[in-house]
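The values are calculated or read from the model by the stated rules, or taken from the named source; none is laboratory data. Please read all numbers here as calculations on a predicted model, not as lab measurements. Here the Cβ positions follow ideal geometry from the backbone for every residue, glycine too, while neighbour counts run over all protein chains shown. For accessibility, only protein heavy atoms count, side chains too; no ligands or nucleic acids. Shrake-Rupley method; radii C 1.70, N 1.55, O 1.52, S 1.80 Å.
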Amino acid sequence: MSPATMNPLLDSKVPSGDLSDAWTRHRFDLPLINPANRRKFRILVVGTGLAGSSAAASLAEMGYHVDVFCIQDSPRRAHSIAAQGGINAAKNYKNDGDSVWRLFYDTVKGGDYRSREHNVHRLAECSVRIIDQCVAQGVPFAREYGGLLDNRSFGGAQVARTFYARGQTGQQLLLGAYSALMRQVAAGRVTMHTRCEMVDLVNVDGVARGIITRSLQTGEFERWAGDAVLMCTGGFGNVFYLSTNAKACNVSAAWRAHKRGAYMANPCFTQIHPTCIPVSGSYQSKLTLMSESLRNDGRVWVPKTKGDQRPPQDIPESERDYYLEARYPSFGNLVPRDVASRNAKDVTDDGRGVGRTGLAVYLDFADAIARDGRAAIEARYGNLFEMYQRITGEDPYSVPMRIFPAVHYTMGGLWVDYNLQSTVPGLFVLGEANFSDHGANRLGASALMQGLADGYFVIPSTVTAHLAGPTLDAITTDH
């Protein structure tokens, strides 16, 4: 029995025919609105991370009136800034066999086959345009000697497709989207509402027509009407002791939408990240995540002998177990996140963990520094090394880092169809707030890709098709 048969609300609207050109055909078939008529519509965007800022800027550029709601005091403080390592795109600059299809395949596989394949293929298609868009906005991606944008590898892939700006990629991408957003604010097409929380979704005859917000400064409730609501509030996290999660509150908006009829999907699939700074004491309430990009040059190992407490520099090569390189020669230290995490737990359970607690493995850059020089490693990871040294008091240029898996975040979200529309007509859900491109073991550096693809390239077509449908009655806040 198909999901649509079980529940008529769950119509994915996936196009028929070949997967490779599904989005091109679908986009052409969607109805349009001419530029003059777009000025008659108002769209409410909740959230100002990568998905929210890019969507609001794109829709305002098209001529729509946009109201943007931000829980922080500035869109620049959205959690997207915390993504450090990079963003994937199938540019194949390294000429190592990458393609849209390979990025699609790796992402579906890295998501443990829990993603909707049509959405992921569209994501891989859009990836190439995302990089061009961000370069045009001035995002300072790293470049190689010849002037082309540089790439590095990430876990779960055998090609180098991750574009990066040192260890600040999320922050730089957000600044690009923020600049585009503020341009529209200055032009008068976007109205910004900061320090306010969405507390309810307004449905009129089963269609999303507005939201209720509460001011975080005065506590005052306000009502806002619109022709469509875009929820871009980011992923959510279950409450775990000592996780890396900093965004557990984000689910509040999604939960309120759920109470108004928006279904959720895959809410229990949790990602475990392999490169977290290990716990150091009972005083901690949160763990710090190190970028997965460090596995590009760092080699993961533990002593071969149980209970070996010697300093790492005193353990000779013959007595080290580079277990990922030995067990997975095709991927080595760049195995997917879940594989790296399980293996780290296996070796520590075997009594070969390092550090005071024994709940850690080494991530060693000695070979990379000897091969490329300290200056090269510092250019790639300098701010990450500085962060590690400030937290642990150890110099990772001199001694190996210590890392261990930690709960990162939950992969589910609000259910959406191929148009990013939830089970409530008129409520669209973008980026990590929706479930469609996620999986329990998400491929690294793809979450940023999803937020920008949805905001810059998908929602302008799909929300327009919704608004071009049956004529909507005049909207007032009297509902």
| said: Looking at segment 113-137 only, could you name the residues that are part of a loop (DSSP other than H, G, I, E, B) and open to solvent by less than 50 Å² (accessible area, probe 1.4 Å)? | reply: SER115, ARG116
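Results for (1) of a type in the set (Ser, Thr, Tyr); (2) touching a His at 6+ places or on another chain (Cβ under 8 Å), shown as yes or no for each residue.
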residue: ARG352; (1), (2): no, no
residue: GLY355; (1), (2): no, no
residue: PHE365; (1), (2): no, no
residue: GLU378; (1), (2): no, no
residue: SER422; (1), (2): yes, no
residue: PHE428; (1), (2): no, yes
| query | Counting only residues that are more than 18 Å from ALA208 (Cβ to Cβ) and not in a loop (DSSP other than H, G, I, E, B), which one in segment 431-454 is modelled with the lowest pLDDT? | reply | ALA447
| message | Whether any residue in segment 326-346 is more than 23 Å from the chain's Cα centre (by Cα), crowded, with 21+ Cβ neighbours inside 10 Å and either modelled with pLDDT of 95 or more or among the hydroxyl-bearing types (Ser, Thr, Tyr) (or both) is what I want to check. | response | yes
| Can you name the helices (runs of 4 or more DSSP H) wholly within segment 1-61 that have at least 3 residues being surrounded by 17 or more Cβ atoms within 10 Å (Cβ to Cβ)? | 22-29
| request: Just give me the residues in segment 239-264 being modelled with pLDDT of 85 or more and surrounded by fewer than 19 Cβ atoms within 10 Å (Cβ to Cβ), in sequence order. | output: TRP255, ARG256, LYS259, ARG260, GLY261, TYR263
| query | Got a sec? Which of LYS40, LYS109 is out of contact with any Gly (no Cβ under 6 Å at 6 or more places or on another chain) and within 30 Å of SER291 (Cβ to Cβ)? | reply | LYS109
| message | Quick check on my filter: what residues within segment 207-223 are part of a strand (DSSP E or B), in contact with a Lys or Arg (Cβ under 9 Å, 6 or more places away or on another chain), in contact (Cβ under 8 Å) with a residue 24 or more places away in the chain and hydrophobic (A, V, I, L, M, F, W, C)? | response | ALA208, ILE211
| note | Picked from segment 395-427 (must be over 30 Å from TRP301 (Cβ atoms) and aromatic (Phe, Trp, Tyr)), the residue most open to solvent (accessible area, probe 1.4 Å) is TRP415
| said: For the condition buried (at least 19 other Cβ atoms within 10 Å of the Cβ), basic (Lys, Arg) and out of contact with any His (no Cβ under 6 Å at 6 or more places or on another chain), what is the one hit in ARG143, ARG166? | reply: ARG166
| Which pairs do you get when a residue that is within 15 Å of GLY52 (Cβ to Cβ), found in segment 184-196, comes within reach of a residue that is among the small types (Gly, Ala, Ser) and assigned to a loop (DSSP other than H, G, I, E, B), reach meaning Cβ atoms under 8 angstrom, with the pair 6+ apart or on two chains? | THR194/SER74
